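Peer 1: Could you have a look at this structure, given as structure tokens, before my questions?
All of the numbers you see were taken from the coordinates with simple rules; none came from a lab. Just so you know, these numbers come straight off a predicted model, no measurement behind them. Cβ coordinates were reconstructed from backbone atoms using ideal geometry, including for glycine residues, and neighbour counts include every protein chain displayed.
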Amino acid sequence: MITGDSHQQIIPPTRSRVKAGFVVFSPDSGKRNIVILNEGELVAVDRKDGIRKVVFTMHPGDLVGVAALLEREKFQYSIEATQDSTITIVSEECMESELKTLPVWLLAVIKNLSTKTHRLKDSLHSARCENTLKSLAEYCSHLKAKTTYPTAELIREFHWQTRIPEAAIQEDLKALARREFISLQDAGNDSEIRIASPLLLRIFTDYLKATEHNVPWEPFQLSLLQKKLLIKLAAADHTQKKDAPDWIAYFKSKGLDIEVSEWIRMLRFGWLDAKSETQFATNTDKIKYYLAALRFENNIKGAL
């Protein structure tokens, strides 16, 4: 069975020898070509913002430009020879003339593979998180308190880890600064980021996680009695160990008459740690967490 037009003119690929330094392809040319490296070495160069950056190196057998031809996607890098090389150029006209001779089923396979490759490449360059502000807050929460970091380097590092666009990172940094979790400072020609409180950044991250899942966040759900109990625990001697009846009696002596159910809630909040089967002591880290959440509620909610 004959597939395609037997009289269709076939345009062959172009094979040529190029010298080191020769620009094989420029994105400004508007052409859609597949470049195959037969011998030598080529590099893909990004010239964004006037800075020359080598993105990747091509070795014999490598090729680029498939998506440009099959998916009509613009190839954004220049291809340059770093040494004398032999290349094969498959032009758009050449590809079209070849495709017209292929059976329909093979064209469908090629299209399917091209689409899958395109999606895979998109996933590699897309952000690895949906809530960029939460991701940045969590990242900054691991940095040292009251320490400054060059803004450009931090943005570059975070972008490399998450693929979040740098413009979005800059806006999220401003959002954290408005909440006073970080501060943006000028340092001559550069700027620096100062981490005010890693604890507040961690609290903010937890709040955003709860908001994402549409569940109440416990620090903002405390009753007036529970807030008073929290303050009394913060003032208590953290080295003291008491059993449950003694702790309940302690609160009563402070004018806070509580039931066993309230004691159980305090244990669930993590405000007290079991030191033995019957003895409990205050958990200072958890108490500080809740107190900070209450103190900076407006900052966390963004209602400044």
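Peer 1: Please compute the length gained on full extension between Phe56 and Asp186, using 0.36 nm multiplied by the number of residues separating them and subtracting their Cα-Cα distance.
Peer 2: Values: separation 130, 0.36 × 130 = 46.80 nm, distance 3.46 nm.
Net length gain for the segment: 43.3 nm.
Peer 1: Shape verdict for the range 132-212, please, from the Cα gyration tensor: rounded (a/c under 1.5), prolate (a/b greater than b/c) or oblate.
Peer 2: On the way: a/c = 1.84, a/b = 1.27, b/c = 1.45.
Here the range 132-212 falls in the oblate category.
Peer 1: Sticking with this structure for a sec: Describe numerically, in nm with one decimal, the distance between label points set 7 Å from Cα along Cα→Cβ at Lys286 and at Lys241.
Peer 2: Roughly 1.7 nm, to one decimal.
Peer 1: Still on this model: Under 21 Å Cα-Cα from Lys227, which lysines qualify once same-chain neighbours fewer than 8 residues away are excluded?
Peer 2: List returned: Lys242, Lys252, Lys254, Lys286, Lys288, Lys301.
Peer 1: Within 9 Å, Cβ to Cβ, of Thr148, how many net charges do the neighbouring residues add up to if Lys/Arg are +1 and Asp/Glu are -1?
Peer 2: Values: positive: Lys146, Arg194; negative: Glu192.
Here the count lands on +1.
Peer 1: So, one more: Could you give the C-alpha radius of gyration of the range 218-301 expressed as a fraction of 2.2 N^0.38 Å, taking N as the number of residues it contains? Numbers along the way, then the final one.
Peer 2: Values: Rg = 12.6 Å, N = 84, 2.2 N^0.38 = 11.8 Å.
Ratio of Rg to 2.2 N^0.38 Å for the range 218-301: 1.06.
Peer 1: A further question follows. For Ala177 paired with Ser26, estimate the spin-label separation in nm (one decimal), with each label point 7 Å from Cα along the Cα-to-Cβ line.
Peer 2: The two pseudo-label positions are separated by 3.9 nm.
Peer 1: Now for a different question. Taking the Cα of Leu256, stepping 7 Å toward and past its beta carbon, and measuring to each backbone N in the range 170-205: which are under 17 Å?
Peer 2: Label zone hits: none.
Peer 1: Given a Förster distance of 41 angstrom, what is the FRET efficiency for Tyr149 paired with Gln279, based on the Cβ-Cβ distance and rounded to 0.05? Working shown, then result.
Peer 2: Working: r = 43 Å, r/R0 = 1.05.
The value I calculate is 0.45.
Peer 1: Could you order peptides 213-224, 135-146 by the average number of other Cβ atoms within 10 Å of their residues, highest first?
Peer 2: Numbers: 213-224: 11.7, 135-146: 17.3.
Packing proxy ranking, top to bottom: 135-146, 213-224.
Peer 1: Near Lys74, which lysines are there with a Cα under 20 Å away, not counting those fewer than 8 places off in the same chain?
Peer 2: Lys31, Lys48, Lys53, Lys111, Lys116, Lys121
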